[in-house]
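One structure below.
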Amino acid sequence: MKTVEKISDNRPVVPKKKRVAAYARVSVESERMRHSLSAQVSYYSSLIQSNPDWEYAGVFADYGISGTGTKARTEFNRMLWECEKGNIDIILTKSIQRFARNTVDLLNTVRRLKSLGIEVRFEKEQIHSLSGEGELMLSILASFAQEESRSISENCKWGIRKRFKSGEIGAANKHLLGYRYDEEKRQYVIIPEEAEIVRKMFALYLDGVSLKNICAELNGAGYRTINGCLFQEASLHKMIKNEVYAGDILRQKCHIPDPISKKKVRNTGELPMYYQTDAHEAIIDRETYARVQAEIRRRESLVPPNYPFTGKITCGICGAHFTRKKSVYKGKCTVRWICRSKKEVGQTCTSINILEEQLASAAAFVLGDDAFDAEHFERQVKAITILKDGCIEFYLTNGRIALWEKE
């Protein structure tokens, strides 16, 4: 009878070491913060390498970068890429604030790492992301971190506005055509060869030359913008309106309403502006500057008015744009928006004409306004489609589609 002998591997099983990395970040560029970051890097390097159960997978550190977003954090993203490649098992970080101040970014990142089997350990809060209560605690504490970021932002803005008011603060744009900003003098200083280009464009505009032809003449002469690009009509129009060339500075033309998204928007009255006269030496004398502004207003008055609905309305039947039509019958003025194809020879369209007041009422309804607000409409509505039955679809800038149904 055959006998079978079981052979067992009695070699001791050596537990696999965990590959551990750390993440550090400071948001302010200063010598003190640089030392703080260096101290964090040294601490984590020593901590990881002194643990016999861990394998050192690196310390990733971002310097002078905000934690309200992830896009600009090069080292953070490099660490996540190493995680995706399977080179990291555990991430150590000082606190939630160091990892991310944006609640959505934090939870999305932690969840993605969790799906890869990677744990994030937050030392200050003593949270391990793979633990049962980890995500609940993270969402609560991250919300506090995000609100703290908003509070810090508001405090910083308050200080900046005080310096705006007193005229102490420097310029945001350190170099624009014709000037460079002198940090010691805290004012713009003229660059003579560039100033000649500025004087030329102002003179040509007063001579009645169009923006298009001014650009062509400057580009043809070999002149370029401060970025080395060709002159364009839109940027040239902004330049000849810029009060800086008359020696003045208007503060807070733009602002950032949301410290998380950090999207800069034009200040249309939400915040005060501060006008500082004779802030530096002028390239264009005040009389010439005033004449140019008057000429800009004159030319703009000759351009047909742009109505809030212009370019936004599309026909749901033929796809053409709607156009504004004004008519007077027995002394009564009526404004309608009609499909443009109805006005073209050889084309027909069965779409419904819509009164402008009805369109405005529908827009106010879907936006939740008591009455039509042109500025709110411009910010919130990207496009409109008039459907075959007269109902209206509003395509909002947030990606939502709102339907107004005709009664």
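Take Ala221 and tell me if it is without any contact (Cβ under 8 Å) to a residue 24 or more places away in the chain and not basic (Lys, Arg).
Considered against the rule, which asks whether it is without any contact (Cβ under 8 Å) to a residue 24 or more places away in the chain and not basic (Lys, Arg), Ala221 comes out as yes.
Scan segment 390-399 and tell me whether some residue there is touching a Leu at 6+ places or on another chain (Cβ under 8 Å), closer than 14 Å to Thr310 by Cα, β-branched (Val, Ile, Thr) and in a strand (DSSP E or B).
no
Yes or no, residue by residue, for (1) part of a loop (DSSP other than H, G, I, E, B); (2) assigned by TED's automatic domain parsing to the domain that holds Ile240; (3) at pLDDT 65 or above; (4) over 17 Å from Ile283 (Cβ atoms):
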position	(1), (2), (3), (4)
Ala145	no, no, no, yes
Gly159	no, no, no, yes
Lys162	no, no, no, yes
Lys185	yes, yes, yes, no
Glu194	no, yes, yes, no
Arg199	no, yes, yes, no
Ala203	no, yes, yes, no
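The values are calculated or read from the model by the stated rules, or taken from the named source; none is laboratory data. Please read these numbers as outputs of a predicted model, since none were measured by experiment. Using ideal geometry, Cβ is built from the backbone for each residue, glycine included, and neighbour counts are taken over all protein chains shown.
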